[in-house]
1. Per the 1.4 Å probe, what fraction of the accessible area of the range 1-104, in percent, lies on carbon and sulfur atoms?
2. Before I look further, what does the range 1-110 give for accessible area per residue, probe 1.4 Å, in whole square angstrom?
3. With r defined as the distance between the Cβ atoms of Ser25 and Glu89 and R0 fixed at 25 Å, what FRET efficiency is calculated, to the nearest 0.05?
4. What's the ranking of 39-45, 92-98 by average number of surrounding C-beta atoms within 10 Å, highest first?
5. Note the count of lysine pairs whose C-alpha atoms are less than 23 angstrom apart in the range 35-123, limited to pairs 8 or more residues apart or on different chains.
6. Report the residue, chosen from Ser85, Ser52, Ser21, that carries the largest GNM mean-square fluctuation when the chain is represented by alpha-carbon nodes joined by springs under 10 Å.
7. Could you tell me how far the Cα centroid of the range 82-114 sits from the Cα centroid of the range 3-21, in Å?
8. Length gain on complete extension for the stretch Ser71 to Asp111, per 0.36 nm per residue less the alpha carbon to alpha carbon distance?
Amino acid sequence: QVQLVESGGGLVQAGDSLRLSCTASGRAVSSYAMGWFRQAPGKEREFVSAVSWSGNYTYYADSVKGRGTISRDNAKNAVTLQMNSLKPEDTAVYYCAVGLKWKPTNLYGMDYWGKGTLVTVSS
């Protein structure tokens, strides 16, 4: 089993930046793809970003492309998401996830999920 704990959420103003972090425990996730998803009130969970196990490949939803940067540190079993120029529509609970066989053709094919951290962007 893998446990994922997110941190870094909070209340920010539009235009601000935020850095979300996620640390895995239970086993090393260096062979897993790691990603971020979000769920806004009244909406379905959506893909935000992912990074391959090696860190060589990154993927972003169009909604965050150019504003978000995902990175991982396999030595720390961690992944971060730097979000800039935040907008009110970025308000959501952000979830970290890892997947051993994740592929960009199956964005939601993750094996383990965190409990989420709330990001609120005020206008």
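The values are calculated or read from the model by the stated rules, or taken from the named source; none is laboratory data. Fair warning: this is a prediction, and the values are worked out from it, not measured in the lab. Every residue, glycine among them, receives a Cβ derived from its backbone with ideal geometry; neighbour counts consider all protein chains shown. We work out accessible area using only protein heavy atoms, side chains counted, and drop any ligands, DNA or RNA first. Shrake-Rupley method; radii C 1.70, N 1.55, O 1.52, S 1.80 Å.
1. Numbers: 2520 of 5240 Å².
Accessible surface attributable to carbon and sulfur in the range 1-104 totals 48 percent.
2. Values: 5660 Å² over 110 residues.
With all protein chains present, the range 1-110 gives 51 Å² per residue.
3. In this case the efficiency is close to 0.20.
4. The packing order, highest mean first, is 92-98, 39-45.
5. Taking the range 35-123 as the scope, the lysine pair count is 11.
6. Ser85
7. 13 Å
8. On the way: separation 40, 0.36 × 40 = 14.40 nm, distance 1.91 nm.
Between Ser71 and Asp111, full extension yields 12.5 nm more.
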